[in-house]
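Take a look at the structure set out below.
The values are calculated or read from the model by the stated rules, or taken from the named source; none is laboratory data. The structure displayed is predicted, hence computed values, not measured ones. All Cβ positions, even for glycine, are placed from backbone atoms using ideal geometry, and neighbour counts span all protein chains on display. These accessible areas exclude ligands, DNA and RNA; they are computed on the full protein's heavy atoms, side chains included. Shrake-Rupley method; radii C 1.70, N 1.55, O 1.52, S 1.80 Å.
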Amino acid sequence: MRRPRLSVTPMEKHGLSMGQRASTIGWFLLAIGFALALPVLLGLSAWIVVAIAAAAALLAAGIAAIIGLAFRRHSPGSFVSRWLPAALALLFVLSILAASPVYYLAAVVASRPLAAPQATLSNEQRTIIFQGMTHVGSDSFYKAVVYDLEQALADGYVVYYEGVRPDPAGDAWFSQTLAHGGDLTEEYKSLGEVCGLAFQGDYFKLLGPEIREHPDRHVAADVTTLEMKQEYDRLIEVDRDFAANAAKAAAEAEDQADSADVLARFLRWSQDGDPRHHSLGGVICRGFMTLTLTPSPDKPPGDLDPIVLDFRNRALVDRILSDPREHIYVNYGAAHLPGVLKLLKESDPSWSVKSIKWMRGIEAPEELHGRLGLE
């Protein structure tokens, strides 16, 4: 009886074993990973590549020496024949590991985008459209927000805007306590430039003519810096937990000088005129913003949330309840929505979410290139 002929792959015809085939595939994948990592590392700094190559060479020398000592009876080959593949493999692996955080941050923005809610709330007599905002976001997000806002104005809504209002008696305290001694608007603008994103205030300027023509339909609904200072001082006196948290927050702010210096250097690096630095800085910035701003159920409350969120939520809801108009469009940070809804339900249990639409708040800017063919 004839035995069936076994099929032979082209690699087996040339004498490649299973181990050799696995090694070939492994080297191929490492080479692809290195090819993807190299532009990122060179964009960050050519010295990073030099440092990785030096580290790979030194580590490979140790590995080659150990192999030579451990297997000297089995003819392990010359030192160079052991060192070279080890050095190359380590160069590939270390480069991939060094570049992987940048690719991870880019993947986070693409696969787990920061989603801002647009929630419609109603108690059957009144309707509130709560547009969750981010201070810095994508052009497409703000264009969609402005479009919806203009449609709401056409439908007879009054618009409430977030933004702590200045007061000479509270501005210095606000800057020192809540803005790290700076100007929040300028910080947001700088952050937008680095991230390749837009500042929300630039888009709301488009509503200038409408605001001047119908000022009664556009309400600066937030509290003043002085009102926040007064509530802060009151809580310091009556709430021991808040007083302890406020003291901790102040101490942490003083200890963050090194972090602020690193951030300042990163901002200068990303804006130094090198397009590679600007591009990579945008990827890193958008990724960190997405990770930081994405809500999480196990995320602990901030030390100053009683001032930054709770106090302002109460002021906003008090203004809504005292406003006789039935349709209000609220532009506020998305983090305010749960607290606002809770306070509304406390005043009237019939308040509920009727619908919700999610909008991508942060995404990589789109760059299109084409050819006119006019020549």
Open item on the list: Going residue by residue through the range 302-315, is there one that turns out to be in contact with a helix residue (DSSP H, G or I) (Cβ under 9 Å, 6 or more places away or on another chain) and among the small types (Gly, Ala, Ser)?
Closed with: yes
- [ ] Name every residue in the range 189-218 that is within 29 Å of the chain's Cα centre (by Cα) and open to solvent by 60 Å² or more (accessible area, probe 1.4 Å), in order of residue number.
- [x] Lys189, Glu193, Asp202, Lys205, Leu206
- [ ] Test Ile67 against the criterion of being open to solvent by less than 70 Å² (accessible area, probe 1.4 Å), within 27 Å of Trp269 (Cα to Cα) and either out of contact with any Asp or Glu (no Cβ under 6 Å at 6 or more places or on another chain) or at pLDDT 90 or above (or both), and give yes or no.
- [x] no
TODO: Output the residues belonging to the range 89-134 that are more than 24 Å from the chain's Cα centre (by Cα), open to solvent by less than 20 Å² (accessible area, probe 1.4 Å) and within 30 Å of Tyr157 (Cβ to Cβ).
DONE: Leu121, Ser122, Asn123, Ile128
Task: the range 76-113, residues that are farther than 24 Å from Arg360 by Cβ and among the small types (Gly, Ala, Ser) - done: Gly77, Ser78, Ser81, Ala86, Ala87, Ala89, Ser95, Ala98, Ala99, Ser100
- [ ] Show the residue pairs that are 6+ apart or on different chains and have beta-carbon atoms under 7 Å apart, the first residue being within the range 102-130 and of a type in the set (A, V, I, L, M) and at pLDDT below 95, the second being assigned to a strand (DSSP E or B) and open to solvent by 40 Å² or more (accessible area, probe 1.4 Å).
- [x] Ala115/Trp358; Ala115/Arg360
- [ ] Would you check which residues across the range 1-42 are among the small types (Gly, Ala, Ser) and either at pLDDT 75 or above or open to solvent by less than 60 Å² (accessible area, probe 1.4 Å) (or both) and list them?
- [x] Gly15, Ser17, Gly19, Ala22, Ser23, Gly26, Ala31, Gly33, Ala35, Ala37
TODO: State all residues of the range 333-375 that are assigned to a helix (DSSP H, G or I) and polar (S, T, N, Q); if no residue qualifies, say none.
DONE: Ser347
TODO: Among the helices (runs of 4 or more DSSP H) lying completely within the range 191-244, list those that include at least 2 residues that are out of contact with any Cys (no Cβ under 7 Å at 6 or more places or on another chain) and β-branched (Val, Ile, Thr).
DONE: 225-238
Open item on the list: Based on this model, can you work out whether Ala61 counts as under 27 Å from Thr290 (Cα atoms) and at pLDDT below 95?
Closed with: no
Open item on the list: Every residue in the range 198-228 that is charged (D, E, K, R) and either modelled with pLDDT under 90 or over 13 Å from Arg312 (Cβ atoms) (or both), please.
Closed with: Asp202, Lys205, Glu210, Arg212, Glu213, Asp216, Arg217
- [ ] Looking only at the range 254-307, count how many residues are within 15 Å of the chain's Cα centre (by Cα), at pLDDT 90 or above and either among the acidic types (Asp, Glu) or open to solvent by 100 Å² or more (accessible area, probe 1.4 Å) (or both).
- [x] 1
